[in-house]
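The block underneath contains the structure these notes are about, expressed in structure tokens.
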Amino acid sequence: MRITTAVATDLDRLLAFRAEAASWISKLGSDQWSRPYPADRLRATIEDGTVFMVRDGERTAATITLTSEAEKGLWSDEELREPSLFVNKLTVSRDYSGINLGGEILDWAGDRAYQASAKWLRLDAWTSNEALQRYYTRQGFEHVRTVLEGNAVNGGPRVSGWLAQRVARPTAHGLIDETPGPKPIQS
């Protein structure tokens, strides 16, 4: 499988991925991703070049967003001074579940972080999705802390505040990388 940078025509597929994942997660008893993701925000991340697609021939198997900026209010100022890349919206089509494609994508992301001179590959996960947290732990991430303070949007509890990281390192991820090389991270 090959990984490419997402383009504008991928928007509908990405929105469908999100809906598919939300439906599957809902059946597992989680409300994660239950609100539709705004298409304009997704379009902006595509235009920024931070969304990547894993393609199997003409089929899209997965997607990941990888940024050098963290969601506000999660990581400390000291942590933010350490060069890092942040994983967002990792989604694997249910047609490709059970083959560790998510693990290969995370390895690719860690390799990309290393190439960008990052120290860490970091992420935040749904605070109530313990299965997802265990998945990331099995993928080599270490839990840093869980942020539960209210979020700025609705004043309620933060729903995605389980923070984890792993050292950025070169890996043999198994994906054919057709993306431009990463830009060095400025700390």
> Do we find that LEU85 is closer than 26 Å to SER23 by Cβ and under 16 Å from the mean Cα position of the chain (by Cα) in this structure?
Replying inline: no
Practice task
Could you check, for segment 111-130, whether at least one of its residues is of a type outside the set (A, V, I, L, M), touching a residue at least 24 places away in the same chain (Cβ under 8 Å) and under 17 Å from ALA62 (Cβ atoms)?
Solution key: yes
Review point. Is it the case that segment 113-124 has a residue that's more than 20 Å from PRO182 (Cβ to Cβ), touching an Asp or Glu at 6+ places or on another chain (Cβ under 8 Å) and part of a strand (DSSP E or B)?
Key: yes
The correct count of residues that are modelled with pLDDT of 85 or more and under 20 Å from LYS72 (Cβ atoms) in segment 157-169 is 5
Segment 1-103: helices (runs of 4 or more DSSP H) wholly inside it with 3 or more residues that are in contact with a strand residue (DSSP E or B) (Cβ under 7 Å, 6 or more places away or on another chain) and at pLDDT below 95 are 11-27
Going through segment 104-134 in order, the residues found to be aromatic (Phe, Trp, Tyr) and modelled with pLDDT under 95 are TRP126
Original post:
Is it fair to say ALA125 is within 19 Å of MET53 (Cβ to Cβ), small (Gly, Ala, Ser) and in contact with a strand residue (DSSP E or B) (Cβ under 6 Å, 6 or more places away or on another chain)?
Top reply: no
Residue match in segment 145-156 (condition: surrounded by 20 or more Cβ atoms within 10 Å (Cβ to Cβ) and either at pLDDT below 95 or in contact with a helix residue (DSSP H, G or I) (Cβ under 6 Å, 6 or more places away or on another chain) (or both))
no
For segment 159-187, pairs from a residue that is in a strand (DSSP E or B) to a residue that is among the acidic types (Asp, Glu) and modelled with pLDDT under 95, with Cβ under 6 Å and 6 or more apart or across chains, are LEU163/ASP124
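The values are calculated or read from the model by the stated rules, or taken from the named source; none is laboratory data. Values in this document were obtained by computation on a predicted structure and should not be read as measured data. Backbone-built Cβ (ideal geometry, glycine too); neighbour counts: all protein chains shown.
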